[in-house]
Amino acid sequence: MLKAFQQAIEGYSTPCEKTLIRDLTAKIGSYVSFLIECRPLSISMGNAIRFLKNRIANLPLTMSESEAKATLRLDIDQFISEKIILADKVIVKHAVTKIRDGDVLLIYGSSSAVEMILLHAHELGKQFRVVVVDSRPKLEGQQLLRRLVGKGLSCTYTHINAVSYIMHEVTRVFLGAASVLSNGTVYSRAGTACVAMVAHSFRVPVLVCCEAYKFHGRVQLDSICSNELGDPDAISKVHGREDINFLVGWASESLQRLNLIYDTTPSDYVSMIITDYGMVPPTSVPVILREYGKEQLWI
Amino acid sequence: MPDVQALVNDFVLKLRRRKIEGSQATARQTAELLRSVISQQRVPYTNQAGALIDAIRAVGEQLIAANPVELAVGNIVRRVLHIIREEDLSLTTAAIAGLNLPSVSDDDDDDDGEREDQPVLSAASVAAAARSTLRPPSLQTLLEDRPDSAAIPHTSSSGGDSEGKSKSADKSSRSKKLKHDVIEAVNELIQDIATCHEQIAEQAVEHIHQNEVILTLGSSRTVLEFLCAAKEKKRSFRVFVAEGAPRYQGHLLAKELVTRGLQTTLITDSAVFAMISRVNMVIVGAHAVMANGSVIAPVGLNMVALAAQKHAVPFVVLAGSHKLCPLYPHNPEVLLNELRSPSELLDFGEFSDCLDFGTGSSSPLLHVVNPTFDCVPPKLVSLFITDTGGHNPSYMYRLIADYYSADDLVVQQKPVSVN
């Protein structure tokens, strides 16, 4: 999204009789509305947009248009490299210290940060097994499984209902997050809460890997108050299993299909959050938000 | 009895190939098979109950070995054994009670007609019958390693011919009566198995109030009847059905509920924790209930039970009495579980490149795990609803005394020790 904004700013030219700042902000606002119409924004996208608007608003009035555009382009590049790419490297460096030889690591769904951690640990020569837990309707774990097996990791694949069965042999759980909220709640793919809960009951440590730009100042107690709904037909149609099509194309007013994309994991199920600011307990998230301030958090 | 043996072999084959779906169907067919075994079994004049028990044990051992994970088979075998012991006991006590009456009427009325109506009983034969009734193992029988079900009647040697005629007469009538009683009781058992849904569904209205939200996972006929019974009594509620991968029976249940007019929402299993904060009660069926109150349930229900405990939502398990197993679960995830085909999770065609053996060690890189059952510990279950009413998990062991005898817990014949 940021790259797209970069290109839009490159191609932007201020119309006469309008100031760059206000007009550009209005343009960005219209782009954002278009994006929202396609799909509700994720929390990290919201943070990035707020950063960009902040940068635009802080441009000195005396700057010429080309200078302003160059500055903005540099700012966006810096954001991407520091907050996203470099942050991922730091997270991987921290997390790899938590993987020992002989570990059995459970991962859920498909998170880019977790995948990087596993591949890096494998390159370092650590001996461990991976359990990939997957769930409907997205079945994201299958693609991740293919990539991991392709790199030579020994993997076990199962579905989320069997997580109680498999948890007794697991030593660590690594989860990704879409965001971590200010009360320590982890907002992540639907099903993460179930995995964290079962891990907690089996006394297995749960580590969440989340870059700092995804933190948010709001709080949420359960998954219903604010969530995203996916396509209901994805629930009725089971891909690859033609014998399970009782509900395909069958509609009734008494039947609803609910396809939640995200859910909230309470902070007591999370042992540690690995961020580019270090490895912190979930209670430290509002501290990071406050100490590193809104301006400093986003450079 | 080649006829019966063919039936038994047929049934064993069906069990081994997992052709019979569901514990109710399995229980019913097992009971019917055992009924045929009993009716075809020729019983000797002495110790007929022991002979019946040996026959049932022999058949039962084969059936249990065919599918050890289907606990309903073992339950019904043990129920029938218990029935045989009970009927034998009640007949003997009736005989002893009958003995007292002629002596009383003798003193009062010298009526020959009355005496002839009652079966000819002499004190010695009744005492012999009482001794041949199955008794708990004495130290002597244990030390001599004799199977306690076939307690050798001590009267066989001391009987003598003087009592021979009267004994044979009443023993044959007794044996016919025993078989007849046992078959009647087994018929009742079959009837109970068939009607367990109605009896459980009758209790629905006590538990479901107005404007409730109920969560269930997968599909169970007992749960369906339960919910529909509440709907008949004009309770308004809505149901969240979790689809129950990888069998996706939840889709079936959702369709059934909607055709019967209930407000249903279908969710994925991953959304269970998200939705449970808005749910009033979780109602599920079970595959089997163990003696300590833990539940062998379709996979995924342990997760649901944990979520329900976290949110203080009652977790109600519906189970017919044929599902109550007198055994305690030891390592149930492994011993009472079955792993199904991985093709339900991964398409073999798509993943054929990953299923090759790894380069370094020659073990495959990819394992796929697809268990069928989950074990839910008793502390997570709030209530069991059976056809005899609602019970706490800590009470389930008591119900075992109603249905099973302590001697029958191990169905295997004791091996003959060679020293």
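Remarks
- Residue in the stretch B:50-61 that is part of a helix (DSSP H, G or I) and within 30 Å of B:D374 (Cβ to Cβ) present: yes
- Of all residues in the stretch B:387-411, those satisfying the criterion of being of a type in the set (V, I, T) and either over 16 Å from B:Q203 (Cβ atoms) or touching a Cys at 6+ places or on another chain (Cβ under 8 Å) (or both) are B:I400, B:V410, B:V411.
- Inside the stretch A:1-52, residues that are in contact (Cβ under 8 Å) with a residue 60 or more places away in the chain and farther than 21 Å from A:K214 by Cα make up a count of 2.
- Test: residue in the stretch A:151-173 that is within 15 Å of the chain's Cα centre (by Cα), farther than 22 Å from B:V376 by Cβ and more than 10 Å from chain B (Cβ to nearest Cβ): no
- For the stretch A:201-246, the tally of residues that are crowded, with 20+ Cβ neighbours inside 10 Å, more than 10 Å from chain B (Cβ to nearest Cβ) and at pLDDT below 85 stands at 0.
Each row is one residue, and each column tells you yes or no for (1) at pLDDT 85 or above; (2) among the β-branched types (V, I, T); (3) touching a helix residue (DSSP H, G or I) at 6+ places or on another chain (Cβ under 9 Å).
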position	(1), (2), (3)
A:K27	no, no, yes
A:Y31	yes, no, yes
A:L35	yes, no, yes
A:P40	no, no, no
A:S44	no, no, yes
A:A57	no, no, yes
A:A68	no, no, yes
A:R73	no, no, yes
A:I76	no, yes, yes
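- Residue that is more than 9 Å from chain A (Cβ to nearest Cβ) and under 17 Å from B:F373 (Cα atoms), where the choices are B:N331, B:N292: B:N331
- Among residues of the stretch A:251-279, those that are small (G, A, S) and without any contact (Cβ under 8 Å) to a residue 40 or more places away in the chain, counted: 3
- Any hit, the stretch B:41-48, residues being of a type in the set (A, V, I, L, M, F, W, C) and modelled with pLDDT of 85 or more: no
- B:E232 meets the conditions (1) touching a Lys or Arg at 6+ places or on another chain (Cβ under 9 Å); (2) free of Cβ contacts under 8 Å to residues at least 12 places away in the same chain in every case but one. The failed one is (1).
- For B:V241: the one exception among (1) without any contact (Cβ under 8 Å) to a residue 40 or more places away in the chain; (2) surrounded by 24 or more Cβ atoms within 10 Å (Cβ to Cβ); (3) part of a helix (DSSP H, G or I); (4) of a type in the set (A, V, I, L, M): (3)
- If you go through the stretch A:120-147 and keep only what is under 30 Å from A:I43 (Cα atoms) and more than 9 Å from chain B (Cβ to nearest Cβ), you end up with A:H120, A:A121, A:V130, A:V132, A:V133, A:K138, A:L139, A:E140, A:G141, A:Q143, A:L144, A:R147.
Listed here are the residues, each with its yes/no results for (1) surrounded by fewer than 22 Cβ atoms within 10 Å (Cβ to Cβ); (2) under 27 Å from the mean Cα position of the chain (by Cα); (3) touching a residue at least 40 places away in the same chain (Cβ under 8 Å).
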{"position": "B:V272", "(1), (2), (3)": "no, no, yes"}
{"position": "B:I283", "(1), (2), (3)": "no, yes, yes"}
{"position": "B:H287", "(1), (2), (3)": "no, yes, yes"}
{"position": "B:L301", "(1), (2), (3)": "no, yes, yes"}
{"position": "B:V304", "(1), (2), (3)": "no, yes, yes"}
{"position": "B:K310", "(1), (2), (3)": "yes, no, no"}
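The values are calculated or read from the model by the stated rules, or taken from the named source; none is laboratory data. The structure presented is a predicted model; accordingly, all values stated were derived computationally and were not measured. Positions of Cβ are backbone-derived with ideal geometry, glycine not excepted, and every protein chain shown enters the neighbour counts.
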